[in-house]
There are 2 protein chains.
Amino acid sequence: MEFTIEKKLSKSLARAGVVKTPHGAIKTPAFSVVGTKASVKSLSPEQVASLGAEVVLANTYHLYLEPGYEIVKKAGGFGKFMGWNGPTITDSGGFQVFSLGAAFGKTISKISKEESIGDEVEEEAGKLAKIDDDGVTFKSHIDGSTHRFTPESSMEIQEALGADIIFAFDECTTPHASYEYQREAMERTHRWARRSLAEHERLSGKRLSKQALFGIVQGGRYRDLREESAKIISGMDFDGFGIGGSFNKEDMYGVVGWVNKILPEDKPRHLLGIGEPGDLFGGVENGVDLFDCVAPTRQARNGTLYTKNGRINILNARFTADFSPIENDCGCYTCSSRHGGVSYTRAYVAHLFRAKEMFAATLASIHNLYFIVNLVKKIRQSILDGNFLEFKNTFLKQYYH
Amino acid sequence: MEFTIEKKLSKSLARAGVVKTPHGAIKTPAFSVVGTKASVKSLSPEQVASLGAEVVLANTYHLYLEPGYEIVKKAGGFGKFMGWNGPTITDSGGFQVFSLGAAFGKTISKISKEESIGDEVEEEAGKLAKIDDDGVTFKSHIDGSTHRFTPESSMEIQEALGADIIFAFDECTTPHASYEYQREAMERTHRWARRSLAEHERLSGKRLSKQALFGIVQGGRYRDLREESAKIISGMDFDGFGIGGSFNKEDMYGVVGWVNKILPEDKPRHLLGIGEPGDLFGGVENGVDLFDCVAPTRQARNGTLYTKNGRINILNARFTADFSPIENDCGCYTCSSRHGGVSYTRAYVAHLFRAKEMFAATLASIHNLYFIVNLVKKIRQSILDGNFLEFKNTFLKQYYH
């Protein structure tokens, strides 16, 4: 993996660059779409590519349980398995293991079956995870069977899943944890980072892996912990960095800024699990290069659609006989003119949602992902053009009017 | 609408022809894919076109209830509403009205929620339909509200839905009905056919409709009734004919042959709701030009996939680590080589089904519809090539081995 910075801004930490992976380049800042179980829900890989996505992130925890990493390995990695030939990322498995074991507050949104089409709910199934210094024992949310992740097994699994970018195993705490527990968890994450790195080097040496390994900075919402974590993780030989999302939304920009002022400039930074429009600007301004989030597709499946004037819920009665596209000047497949100059209408998308037709999820997901992926591309362009702050102010004023 | 016959066989009633509609030609025999609620479940119109489909049939009953025919009319018809620019058909609404009001035995298959992804179950919700000579009063399966269809309202609704081919309103009986009831229902269907025709002419004169109207032959499994029905319906000025499916499977070929020997040769015949591979050969051999059926997509959503060696269930354990395509020499999107020569594997499709990913339904539906649509195309070619019977025998021997 190579990372080059094309332009840096002086008034903020924002920068535009390129991450080169064995499966192609990612122009950063970039939004990675999420294909949790080696499928971007309801979309073909061609639809994913045509909406402008450059990179897909899959979840180690989910693929480990289903279909199992040996199957994915035999298939040649999750990208090949799902027919995606571009760059790929897997997360460490940490977030899912812990989020299924503790109440994560608002970082995990529960969506009821009634409200969404084809949605898989992350159930808060009680305390299913048990942590010790060596690793985590957890129960599968599918069948309750017992499993164990360690830094070493996370590396083994992620090597099998075959992504271009993988993450060191970390403990992802709840933002409600005490300072004392955040420190304890952070220190454990540092020890696990060292073990992940060592195991990755051992596996790479043995198997010529070309995977880039990112270390994860934790420390909750505490400045001294975040700065300490950034310094310690920076000191290890990682190819890039992840910023773990254990903070409340209002603390995010502060946390990301503290961390990115310390992390080395010449390596890419991934803010894990964040993807609301406002947060993307805030993340970029504070030095983030990569984002991923299930919100655009999860909200799409609930009928919540993004427009530059804010979100709309397509199930609102006023759209029942509205024969305009979701957004008039949107260039996505759903909104743009197709054969004969006709696009899908709000009335049609609303009908599909009411009729519980699966194609509703496809059309809505394409629209929302196009919106977010291309918003980050526009942010990138504004950095190159030197008008990031104007673009940010104009966009956010209209979006959160 | 124009219908031309390109070739007729001498040893059977099979023929190859072309139906020209305002939205393009249908080369017959042809299989119409079903887009019940103005969506071929889980597929984009481009995916429908690229699998070889030439025509889409939507259900009058469903679109009348949801989103309502006024909405579809404002959208410019269901084809434009859903983004399908090719030929279109709507059924009369009769089958759904009656199938929701009576136990139809094996002509309606109940599929449980557990077995399928995104499937809408036709519930046998007791006697919801009440028939009189003027029409049918029925309750919506969605909200229990009361509605009424008459031959005149069916024409009005189908004109609003805007398909190229529409059907006269008919009474679709259960195959278990007595001879006496079949006669009574048939005679009512004949009266309704005349009223449908009159109303269609009135609407056409007033509104320059270019829709072709097909009359439906009923009469259950009784030869005298079917022959009487064929004669009477033939005597009316329809553009083509439908053969109602009120018979058990073992009676089908007989019924279809009796009817098609009487129906005028120069008009197309649609066998309603039939689409199993063996039945397609039997139908064509007995003079059928058009088919439609939800079986290929409904079975696809259950993981039942068609191959030339018969059906397989992709959830079978032996496919878990099977990295070959569903069918090796299949030309469908799912099976054929894409970028880099890799197709979706059985292991991947099986994983998607187990993981309840919506894209499972898309891949499986494309495969099954491609199989059926192209099987009928091959049957057509075998008629043109003069080797229909050989093709039939070879295919069926392998399929039902």
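Which residues, counting only those in region A:347-360, are in a helix (DSSP H, G or I) and closer than 20 Å to residue A:318 by Cα? Write out each step before concluding.
Restricting attention to region A:347-360, the residues satisfying the condition of being in a helix (DSSP H, G or I) are A:347-354, A:358-360.
Selection gives A:347, A:348, A:349, A:350, A:351, A:352, A:353, A:354, A:360.
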Selection count where residues are farther than 30 Å from residue B:38 by Cβ and small (Gly, Ala, Ser), scope region A:351-401: 2
Of the conditions (1) in contact with a helix residue (DSSP H, G or I) (Cβ under 6 Å, 6 or more places away or on another chain); (2) more than 18 Å from residue B:45 (Cβ to Cβ), residue A:356 clears all except one; give me its number. (1)
Residue A:298 being in contact with a strand residue (DSSP E or B) (Cβ under 6 Å, 6 or more places away or on another chain), more than 21 Å from residue B:36 (Cα to Cα) and basic (Lys, Arg): no
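Does residue A:364 fit the bill of being in contact (Cβ under 8 Å) with a residue 12 or more places away in the chain and within 8 Å of chain B (Cβ to nearest Cβ)?
Working: in contact (Cβ under 8 Å) with a residue 12 or more places away in the chain: yes; within 8 Å of chain B (Cβ to nearest Cβ): no.
For residue A:364, the condition - in contact (Cβ under 8 Å) with a residue 12 or more places away in the chain and within 8 Å of chain B (Cβ to nearest Cβ) - is not met.
Against the definition (closer than 29 Å to residue A:253 by Cα and under 20 Å from the mean Cα position of the chain (by Cα)), how does residue A:220 come out, yes or no?
Values: closer than 29 Å to residue A:253 by Cα: yes; under 20 Å from the mean Cα position of the chain (by Cα): yes.
Yes, satisfied.
Listed residues A:283, A:275, A:303, A:287; which is touching a Cys at 6+ places or on another chain (Cβ under 6 Å) and crowded, with 22+ Cβ neighbours inside 10 Å?
The unique qualifying residue is A:275.
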Please go through region B:367-401 and pick out each residue that is in contact (Cβ under 8 Å) with a residue 60 or more places away in the chain and of a type in the set (Ser, Thr, Tyr). B:370, B:399, B:400
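Test of understanding: among A:392, A:377, A:356, A:397, which residue is more than 8 Å from chain B (Cβ to nearest Cβ) and in contact with a Gly (Cβ under 8 Å, 6 or more places away or on another chain)? Spell out the reasoning first.
Numbers: A:392 fails: in contact with a Gly (Cβ under 8 Å, 6 or more places away or on another chain); A:356 fails: more than 8 Å from chain B (Cβ to nearest Cβ); A:397 fails: in contact with a Gly (Cβ under 8 Å, 6 or more places away or on another chain).
Result: A:377 is the single residue among A:392, A:377, A:356, A:397 that is more than 8 Å from chain B (Cβ to nearest Cβ) and in contact with a Gly (Cβ under 8 Å, 6 or more places away or on another chain).
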Assess whether residue A:28 counts as being touching a strand residue (DSSP E or B) at 6+ places or on another chain (Cβ under 6 Å) and within 22 Å of residue A:298 (Cβ to Cβ). no
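Can you confirm whether residue A:244 is modelled with pLDDT under 95 and crowded, with 21+ Cβ neighbours inside 10 Å? I'd like the intermediate steps shown before the answer.
Numbers: modelled with pLDDT under 95: yes; crowded, with 21+ Cβ neighbours inside 10 Å: yes.
Here the answer is yes, as residue A:244 does meet what is asked.
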Within region B:1-48, residues in contact with a Leu (Cβ under 8 Å, 6 or more places away or on another chain) and among the aromatic types (Phe, Trp, Tyr) come out as B:31
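Counting just the residues of region A:5-35 that are of a type in the set (Val, Ile, Thr) and surrounded by fewer than 21 Cβ atoms within 10 Å (Cβ to Cβ), which one comes out farthest from residue A:377 (Cα to Cα)?
The selected residue is A:5.
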Cβ pairs under 6 Å, 6+ apart, first in region B:302-317 and in contact (Cβ under 8 Å) with a residue 40 or more places away in the chain and on the phi < 0 side of the Ramachandran plot, second hydroxyl-bearing (Ser, Thr, Tyr) and not in a helix (DSSP H, G or I): B:302/B:116
Considering region B:48-64, residues that are closer than 24 Å to residue B:378 by Cβ and buried (at least 24 other Cβ atoms within 10 Å of the Cβ), and then whichever is nearest to the other protein chains (Cβ to nearest Cβ), we arrive at B:48
Residue B:371 within 28 Å of residue A:366 (Cα to Cα), assigned to a helix (DSSP H, G or I), of a type in the set (Phe, Trp, Tyr) and away from every other protein chain (no Cβ under 11 Å): yes
Is it the case, given these coordinates, that residue A:52 is in contact with a His (Cβ under 9 Å, 6 or more places away or on another chain), at pLDDT 95 or above, of a type outside the set (A, V, I, L, M) and farther than 22 Å from residue B:317 by Cα? no
Tally time: how many residues in region B:6-47 are among the polar types (S, T, N, Q), over 17 Å from the mean Cα position of the chain (by Cα) and within 11 Å of chain A (Cβ to nearest Cβ)? 3
Restricting attention to region B:53-104, the residues that are touching a Gly at 6+ places or on another chain (Cβ under 9 Å) and of a type in the set (Asp, Glu) number exactly 2
For the subset of region B:207-226 comprising residues that are in a loop (DSSP other than H, G, I, E, B) and not hydrophobic (A, V, I, L, M, F, W, C), which member is modelled with the lowest pLDDT? B:209
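So, in region A:326-353, of the ones that are among the hydroxyl-bearing types (Ser, Thr, Tyr) and touching a Cys at 6+ places or on another chain (Cβ under 9 Å), which residue ends up nearest to the other protein chains (Cβ to nearest Cβ)? Step through it out loud before you land on a result.
Let us first name the residues in region A:326-353 that are among the hydroxyl-bearing types (Ser, Thr, Tyr), namely A:333-334, A:336-337, A:343-345, A:348.
Still in the running and touching a Cys at 6+ places or on another chain (Cβ under 9 Å): A:336, A:343-344.
Numbers: A:336: 12, A:343: 8, A:344: 6 Å.
Filtering first and then ranking leaves A:344.
Quick one: which residue in B:309, B:316, B:302, B:286 is within 26 Å of residue B:19 (Cβ to Cβ) and either under 20 Å from the mean Cα position of the chain (by Cα) or in the same structural domain as residue B:337 (by TED's automatic domain parsing) (or both)?
After ruling out the rest, the residue left standing is B:286.
So, in region B:161-192, how many residues would count as being among the small types (Gly, Ala, Ser) and within 20 Å of the chain's Cα centre (by Cα)? Outline the logic, then answer.
Let us first name the residues in region B:161-192 that are among the small types (Gly, Ala, Ser), namely B:162-163, B:168, B:177-178, B:185.
Narrowing further to those that are within 20 Å of the chain's Cα centre (by Cα): B:162-163, B:168.
Residues flagged as among the small types (Gly, Ala, Ser) and within 20 Å of the chain's Cα centre (by Cα) within region B:161-192 amount to 3.
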Which one of these is part of a loop (DSSP other than H, G, I, E, B) and of a type in the set (A, V, I, L, M): B:198, B:177? B:177
From the list A:274, A:232, which one is more than 21 Å from residue A:373 (Cα to Cα), hydrophobic (A, V, I, L, M, F, W, C) and either modelled with pLDDT under 95 or in contact with a His (Cβ under 6 Å, 6 or more places away or on another chain) (or both)? A:232
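The values are calculated or read from the model by the stated rules, or taken from the named source; none is laboratory data. This is a predicted model, so every value here is computed, not measured. Quick reminder, even Gly has a Cβ in these numbers, built from the backbone with ideal geometry, and neighbours come from all protein chains shown.
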